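The block underneath contains the structure these notes are about, expressed in structure tokens.
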């Protein structure tokens, strides 16, 4: 039998393929195409518009880094808002923090939530936790209209086009600041330092007038083009290095596979080309 | 016209493809197949037995990390031995250190040197530096027989099978220790932490009885499967964190794109799954 590959082409110059056993699901919502495929070496993949969002084998990297960096920096996070992230991976990591009383997930596309619950339950299970409330709808509108306040906001978005476009704009981040409590922290998905350094620079330009602290940090996973990927950490005050207490990580004893206190600090070291590009 | 891809399949479960313009060279030596292809987005690629060894776009990451970590840790490196690395990238970075008086390259396959000189001159140019001596021949035999002594040995090998197999064995490293001066340091290519953690563990088991200091460190490039990759740092004494002087890096003012003092230190932070696997 001919080998089949779930191939993702990126910028027309590189493609990554995972050996495919079979497609489990393909559906179209008003927002995007959602697919789940079973692979031979990477578990199941969730793809949105042909781009790999989650692989069961390595999604722990992305989700641990998007959640634990802000939640171990904020002095005492109790209420968390996740925007996007309908696969549930970020919520799962957020809810590992025993002090978190409530986690709201604002996801625009119910098809992502439904497909994740059914086909990638290890990633999605926490969506059924009693501390989690799922709000299907536009996250931009949610932060504009809600009266609720959050200690941390996690912007777990897709790429800066399509339904996620406004999540890379200035109006959105002013509303994010508004819904944050005094020591509030924000993390935003910011793309590939190798392939789309412009995304990081644009997002920093938007965030810097809004927050006194804005710092990129990095991680590597197996399934995103080029491996290396970035988040932006912003906050109303807490600094991810100076105000970070390694002892808190050790005391929490979470069952993690990527994040630890040293990785937290190391993630803020930037390769020379990126350090120069963002003027740090 | 149909898009052509230079595809590398890895472990049968993942493949990475670079959009190809044309093949510039393909030759077979007694050791391996050597190819150079021109791509649309990653410059030229050097492939050995179908595996990407060098891409012009991102080879700086690998070569800066294999050379500057040992050379900025050793108190005063003057003589350096590179084993493998016939593309010349490691030699180029070694020779950026003004204190280095001599760099011997022991490469088994003259075809790699010839193809690199001709087709990837930006990587290979330093092979013509007057401080560089190319010794075509078996690196294992070279360290067994030479009377010369070195401050640093860089094992810039291919994967742990084929011509490089012995470079992952205990006899070789005993000879490496013998050719090292008192504060001697060694770096070894150690594979993918995601896909072949066994390679790192085996190599550490071999190195630990030979050297008092053995520590893995990490980098990410665009073209190796899974992005994340490892080196092992070993030495007769100097420790890569405690004995490292960031001020020396700043004073040297080298024109680098990945390595800097903070990246040096951050590279030794290990993701939790790897930290546990190697017992650190």
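Every number in this text was worked out from the coordinates using simple rules, so none of it is lab data. All values derive from a computational prediction rather than experimental measurement. Don't worry about glycine lacking a Cβ; one is built from the backbone with ideal geometry, like all the others, and counts go over all protein chains shown.
Could you please rank A:192, B:234, placing first whichever residue has the fewest other Cβ atoms within 10 Å of its Cβ?
Values: A:192 20, B:234 28.
With the sparsest Cβ surroundings first, the list reads A:192, B:234.
The angle between the Cα long axis of helix B:197-207 and the main principal axis of chain B comes to about 40°, on a 0 to 90 degree scale. For the residues of A:255-265, the average number of beta carbons from a partner chain within 10 Å of their own beta carbon is 4. Taking Cα atoms, how many degrees apart are the long axis of helix A:170-179 and the longest axis of chain A, rounded to 10 and kept between 0 and 90? On a 0 to 90 degree scale, this one is about 60.
Please work out how much length the chain gains when fully extended from residue A:135 to residue A:202, using 0.36 nm per residue of separation minus the C-alpha to C-alpha distance, in nm with one decimal.
Contour length minus Cα-Cα distance gives 21.3 nm.
Hey, how much of the P(r) for the range B:194-280 falls beyond 20 Å, as a percent of Cα pairs? So the pairs more than 20 Å apart make up 41 percent of the total in the range B:194-280. The alpha-carbon positions of the protein assembly as shown define a convex hull whose volume is 145 Å³ per residue. Cβ-to-Cβ counts within 10 Å put A:136, B:48 in ascending order as A:136, B:48, the fewest first.
Run the numbers for residue A:25 and residue A:276: contour at 0.36 nm per residue of separation, minus the present Cα-Cα distance, in nm. Write out the running numbers ahead of the final one.
Values: separation 251, 0.36 × 251 = 90.36 nm, distance 4.33 nm.
Extra length available between residue A:25 and residue A:276 comes to 86.0 nm.
In chain B, the calculated helix contribution to ellipticity at 222 nm averages -8000 deg cm²/dmol per residue, counting -39,500 (n - 2.57) for every DSSP H run with n ≥ 4.
Taking every alpha-carbon pair under 8 Å whose residues sit at least 6 apart, the range B:3-102 reaches a relative contact order of 15 percent. Our note on the geometry: Cα centres of the range B:92-169 and the range A:51-112, 46 Å apart. Could you work out how far helix A:110-119 tilts from the main Cα principal axis of chain A, as a 0 to 90 degree angle to the nearest 10? Compared with the principal axis, the helix lies near 70 degrees. Distance from the alpha carbon centroid of the range A:4-28 to that of the range A:220-241 works out to 25 angstrom.
Taking a quarter of the surface of the Cα convex hull of chain B, what do you get in nm²?
Numbers: hull surface 56.2 nm².
Hull-based average projected area comes out at 14.1 nm².
Here the range B:16-119 is treated as a sphere whose radius is the Kirkwood value from Cα pairs; by Stokes-Einstein at 37 °C and 0.692 mPa s it diffuses with a coefficient of 225 µm²/s. As a proxy for reagent exposure, A:103, B:132 were ordered by neighbouring Cβ count within 10 angstrom, fewest first; the result is B:132, A:103. Evaluated at q = 0.10, 0.14, 0.20 Å⁻¹, a Debye calculation over the C-alpha positions of the range B:104-194 (equal weights, vacuum) places log10 I(q)/I(0) at -0.28, -0.56, -1.10.
Within the range A:106-256, all pairs of alpha-carbon atoms sorted by distance into 10 Å bins from zero give the percentages 10, 34, 39, 17, 0. According to the square roots a ≥ b ≥ c of the eigenvalues of the Cα gyration tensor, what is the shape class of the range B:5-55, taking rounded for a/c under 1.5, prolate for a/b larger than b/c otherwise, and oblate for the remainder? Taking the square roots of the gyration eigenvalues as a ≥ b ≥ c, the range B:5-55 is oblate.
Per residue, the average separation of C-alpha pairs within less than 8 Å and at least 6 apart gives the range A:5-54 a relative contact order of 27 percent.
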